[in-house]
Amino acid sequence: MDDAPALRAPVLVVLAGLPGVGKSTIARALLARWPAVYLRIDTIEQALRDSDALQGGDVGPAGYMVAYALAGAQLALGLPVLVDCVNPLPVTRKAWHGVAHDAQARCLDVEVVCSDVPEHRRRVEQRTSDVPGHVPPAWAAVCQHAYAPWPAAAGLLAIDSARCSAEAAATLILSRVAAP
């Protein structure tokens, strides 16, 4: 007789948005309340740069490829995963859904924006990185970043960090994670 409780499918939460919108701040608030594996693209990409394995320091898609593999392995173990990344293109968004599908996990897309442009610029210009060696992008680079609009899709949770605190955002995300 098996006394183990029935487990729900693991969940993959992908925090997406341009640099400086507040993804990592929301991730910290969320992780204080939800034990999940945390994968941050900035950390992975900086480790790849530090390894000197890449020619010229251009990471290209390597950081995302590593993150997809790590997320899939953790989800396959039944662990929830929180990803912090720009997730700028339909191809990257589709890939995250493929990772979740392959692991029989749910996927929650969370797009974080900062509708207050002067505030977004202030955040970008005043932030320092907590990833050793990582240099955050300048405001001009953020403004020129390739970032495709999300299609109107069921299931996307949009959070405006100019109007919603990190703690309130964590509550919203947790409510979606807990939903059947």
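Checking the a/c ratio against 1.5 first, then a/b against b/c, what shape does the Cα gyration tensor give for the range 1-111?
In terms of gyration-tensor shape, prolate.
Which cross-chain or sequence-distant (5 or more) residues have an amide H under 5 Å from the amide H of L108, H modelled 1.01 Å from N in plane?
Amide H to amide H, under 5 Å and 5 or more residues apart or across chains, L108 pairs with L12, V13, V14.
Under a Cβ-Cβ cut-off of 15 Å, what is the net charge of the residues other than L77 that fall near it, where Lys and Arg count +1 and Asp and Glu count -1? Each step should come with its number before you reach the end.
On the way: positive: R8; negative: D102.
Net local charge, L77 excluded: 0.
Collect residues whose amide H, placed 1.01 Å from N in the peptide plane, falls under 5 Å from the amide H of R40; neighbours closer than 5 in sequence don't count.
Residues meeting the criterion, in which the H sits 1.01 Å from N, are D84.
Answer rounded, prolate or oblate for the range 47-180, using the Cα gyration tensor with square roots of eigenvalues a ≥ b ≥ c: rounded when a/c is under 1.5, else prolate when a/b is larger than b/c, else oblate. Before the final figure, lay out the partial values.
Details: a/c = 1.72, a/b = 1.08, b/c = 1.60.
Here the range 47-180 falls in the oblate category.
Running a GNM on the chain with Cα contacts under 10 Å, which residue among A152, A47, A100 ends up with the highest mean-square fluctuation?
It is A152.
Carbon-plus-sulfur fraction of the accessible area of the chain, 1.4 Å probe, in percent? Kindly include the intermediate steps, with their values, before the conclusion.
Details: 5880 of 9760 Å².
Solvent-exposed carbon and sulfur of the chain make up 60 percent of the total.
About the Cα centre, and with charges only on the beta carbon of Lys, Arg (+1) and Asp, Glu (-1), how big is the dipole of the range 36-162? Nearest 20 debye, please.
180
Need one number: % antiparallel among DSSP beta bridges in the chain, to the nearest 5.
Around 0 percent of the beta bridges assigned by DSSP in the chain are antiparallel ones.
Which residues' amide hydrogens lie under 5 Å from the amide hydrogen of A162, considering only partners 5 or more residues apart or on another chain, with H built in the peptide plane?
S115, D116
Counting other Cβ atoms within 10 Å of each Cβ, which GluC sites (Glu not before Pro) in the range 78-180 have at most 15 and sit in a DSSP loop? Intermediate values should be presented prior to the final figure.
Numbers: sites: E111, E119, E125, E167; in loops: none.
Those that pass, being in a loop and sparsely packed, number zero.
The values are calculated or read from the model by the stated rules, or taken from the named source; none is laboratory data. Computed from a prediction, not measured in an experiment: that's the story for all the values here. Cβ: placed from backbone, ideal geometry, glycine included. Neighbour counts: every protein chain shown. These area figures cover heavy atoms from the full protein model, side chains too; ligands, DNA and RNA do not enter into them. Shrake-Rupley method; radii C 1.70, N 1.55, O 1.52, S 1.80 Å.
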